[in-house]
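Shown next, in structure tokens, is the structure this report addresses.
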Amino acid sequence: MKKILIFFGVLFHWLWKLLTIGRLLLTNLVFFLLLFLVIAVFVHHPRVTVPDHCALLLEPAGDIVEKRSIINPLAEIIGEETGTPVYEETLLQDILDSISRAADDERISLLVLSPGKLRHAGLDQLLTIGRAIDEFKLTGKPVVAVGDAYSQAQYLLASHADNIFLHPMGLTEVRGFGVFRIYARDLLDKLDVNFHVFRVGAYKSAVEPLVRNSMSPEAREANLHWLRRLWRLYCDDVRQQRRLEEGAIDDLIDNVESRLRAVDGDMARLALDARLVTGLKSRAEMDDFLQGLVGRNGDEKGYNHIHFKDYLTTFTPSYTRGNDSLPQVGIIVAEGDIIHGRGAPGFIGSDSLSRTIRRVRQDKNIKALVLRLNTGGGSAVASEIIRDQLAQTRRSGKPVVVSMGSVAASGGYWIAADADQIWASPATLTGSIGIFGAIPTFEGTLSRLGLHGDGVGTTRLAAGINPGRPLAPEMEKSIQLSVENGYTRFLEVVARGRSMSVEEVRRIAGGRVWDGVSAMDLGLVDRLGSLDEAIRAAAELAGLDEYSPVYVTPALSSTEELLRKFGASVARLPAVVTEIFFRPFFGTGGNLLERMRSSLRLPLLNDPVHLHAHSLLAGELLGL
């Protein structure tokens, strides 16, 4: 018996040793494999080849932006590998570069638009892409749009194609533009939340959801003005591309019930009968049609094409590499809400943007600056800090030109007011010259819970702004006076920058939002045109015949730089793994929560003196 026990003891001892050794070997193997993959990601760049007689697949995903978030590539790859929707971004310049390069590329004979993954884009951005597609078509190469369905924004892009194909069970959603928000006055009353709102300007409606249960008549009037202007731009563009009669889109929308009844409720047939699309095809039929134009892929699966993201790796994008032998025009992209301080991804920080502007001013090879603005505003103090940096740049002898994107309103216009020239597009929303402050206190809410604030101070203002106590009357009056003073400063900044009188500015201010054409008619904008045209204007102001435009990006912290490199590298991981491990044997191998959008939102209110120049409605155009 004793020998049997000893035997099993020795057996289990050696079995345990073998398991331990095996576990260590497996752990080390996994470690070295991961280490190898990390090194491969950083040093290995899969070669992208452009097939002959192929199609360029333009498939923008997520939001079209003009400045990418730092860790966005990492978010994208997580989504792609898990099948979970992510907050994706596609750079506008990447799209424009791909289309422009493909127009002159003999290997590319077709442009395929597949806008199904596009979520949000400004009307200005969509029209800019549309113009690039029109330039592509001048080469004689055809453009085809394919989709299961088209949202309003997606259809505007698709309308520039020679042929638009829709799935037989799909629809084309063209319904008009609108601004609709949730108004919370009754809710705040029920919760006993006391929102102290201070503002100047009858049209400064950013805080209306906090003090009203419906849109004010002034806001309704102002919103309808620019909504109608932008809707007309949309309809005119689609009408010209699809060769429709004047008023055809409005007529379709106004009579949608009867026209849909005539086709037995078939939304796809309705789009076909209205000539919004060329034909109805299933995915297989679409693919067969494209194969008939460019042939099959090398793996005999699908039509012969290259995705525009892969195509981008075959050339140097615009404005990313300056020619040191030529004088340069610096381009700074500022996108997002304006906040005081260093800032964060997706925001315009006064300190970080100021440092970037200062770098341009101190760089002897940069002779002019173009600031590309896409913002609804934010902190008034931050806006003034940035404006002052631009003014210093002008005084140093370097011209400053502002190119407005889809939105450059309120604090965005404060920043732009002193520029040598302001360029916008007809679809730009700008103006909104006004100031507001919003401070909530919860003394009523706390009282319901049995909590009461009390204390003692040496002065009537000693409690300051305490969310657990009501604002002292003196404090309320002081803040309102400060808001009025800020509004006066805003008017003076605009009057000085635009060579107008304060009274002239006051008549078009009051927080009212204007479209680009109206803004130019009112003297708020100098020219209508694109970023490229603004760059040429800056070079002309600097007296440059030959020059090199180049993006000037903010200096990143060590952590941000690591995140950027890590995100960009990990984004290549599937391609690297496929290239190294699978392609030699099997050939070519095979999206974090959806960003929530709420109609009741406020910017990050971090202004040190509680003054905000922000136009929320300018960034809340529904339908695109």
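The values are calculated or read from the model by the stated rules, or taken from the named source; none is laboratory data. What you see is a predicted model; the values in this text were computed from it and never measured. No Cβ is skipped: glycine too gets one built from the backbone with ideal geometry, and neighbour counts run over all protein chains shown.
A count restricted to the range 291-339 and to residues that are among the small types (Gly, Ala, Ser) and assigned to a helix (DSSP H, G or I) stands at 1. Residues that are among the charged types (D, E, K, R), in contact with a Lys or Arg (Cβ under 7 Å, 6 or more places away or on another chain) and not in a helix (DSSP H, G or I) occur in the range 505-515; there is at least one. Of all the residues in the range 125-145, those that are within 21 Å of LEU531 (Cβ to Cβ) and either surrounded by 24 or more Cβ atoms within 10 Å (Cβ to Cβ) or of a type outside the set (D, E, K, R) (or both) number 10. Here GLY341 meets each of (1) at negative phi; (2) modelled with pLDDT under 95 with one exception, condition (1).
If you go through the range 324-339 and keep only what is within 16 Å of the chain's Cα centre (by Cα) and not β-branched (Val, Ile, Thr), you end up with ALA334, GLU335, GLY336, ASP337. All conditions in (1) modelled with pLDDT of 95 or more; (2) touching an Asp or Glu at 6+ places or on another chain (Cβ under 9 Å) hold for ARG269, with the sole exception of (2). Once the range 205-253 is narrowed to residues that are assigned to a loop (DSSP other than H, G, I, E, B), of a type outside the set (S, T, N, Q) and under 26 Å from the mean Cα position of the chain (by Cα), the residue that is surrounded by the most Cβ atoms within 10 Å (Cβ to Cβ) is ALA206. Residue pairs whose Cβ atoms lie under 6 Å apart, sitting 6 or more positions apart in sequence or on different chains, and linking a residue in the range 345-371 that is assigned by TED's automatic domain parsing to the domain that holds GLN421 to a partner that is of a type in the set (Asp, Glu) and not in a helix (DSSP H, G or I), are PHE347/ASP337.
How many residues does the range 509-531 contain that are surrounded by fewer than 22 Cβ atoms within 10 Å (Cβ to Cβ) and either among the small types (Gly, Ala, Ser) or modelled with pLDDT under 95 (or both)? Walk me through it before giving the result.
Restricting attention to the range 509-531, the residues satisfying the condition of being surrounded by fewer than 22 Cβ atoms within 10 Å (Cβ to Cβ) are 510, 517-518, 520-523, 526-530.
Checking the rest, the ones that are also either among the small types (Gly, Ala, Ser) or modelled with pLDDT under 95 (or both) come to 510, 518, 523, 529-530.
Residues in the range 509-531 being surrounded by fewer than 22 Cβ atoms within 10 Å (Cβ to Cβ) and either among the small types (Gly, Ala, Ser) or modelled with pLDDT under 95 (or both): 5 in total.
If only residues of the range 444-488 that are more than 28 Å from ALA380 (Cα to Cα) and buried (at least 16 other Cβ atoms within 10 Å of the Cβ) are counted, the one that is farthest from the chain's Cα centre (by Cα) is LEU446.
Here TYR150 meets the list (1) in contact with a strand residue (DSSP E or B) (Cβ under 9 Å, 6 or more places away or on another chain); (2) at pLDDT 90 or above; (3) over 24 Å from ALA284 (Cα atoms) almost entirely, failing just condition (3). Only one of the listed residues (ARG199, ARG275) is more than 30 Å from GLN93 (Cβ to Cβ) and in contact with a strand residue (DSSP E or B) (Cβ under 6 Å, 6 or more places away or on another chain). That residue is ARG199.
Within the range 505-529, residues that are within 13 Å of SER403 (Cα to Cα) reach partners that are among the β-branched types (Val, Ile, Thr) and assigned to a loop (DSSP other than H, G, I, E, B) with beta carbons closer than 8 Å, at six or more positions or on different chains, in the pairs GLY516/THR428; GLY516/VAL525; VAL525/THR428.
Table: residues versus (1) within 16 Å of TYR547 (Cβ to Cβ); (2) part of a helix (DSSP H, G or I); (3) under 21 Å from the mean Cα position of the chain (by Cα).
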{"position": "GLY341", "(1), (2), (3)": "no, no, no"}
{"position": "SER352", "(1), (2), (3)": "no, yes, yes"}
{"position": "THR356", "(1), (2), (3)": "no, yes, yes"}
{"position": "VAL360", "(1), (2), (3)": "yes, yes, no"}
{"position": "ARG372", "(1), (2), (3)": "no, no, yes"}
{"position": "GLY378", "(1), (2), (3)": "no, no, yes"}
{"position": "VAL402", "(1), (2), (3)": "no, no, yes"}
{"position": "SER406", "(1), (2), (3)": "no, no, yes"}
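A residue that is within 27 Å of the chain's Cα centre (by Cα), at pLDDT below 85 and closer than 29 Å to LYS67 by Cα occurs somewhere in the range 534-554.
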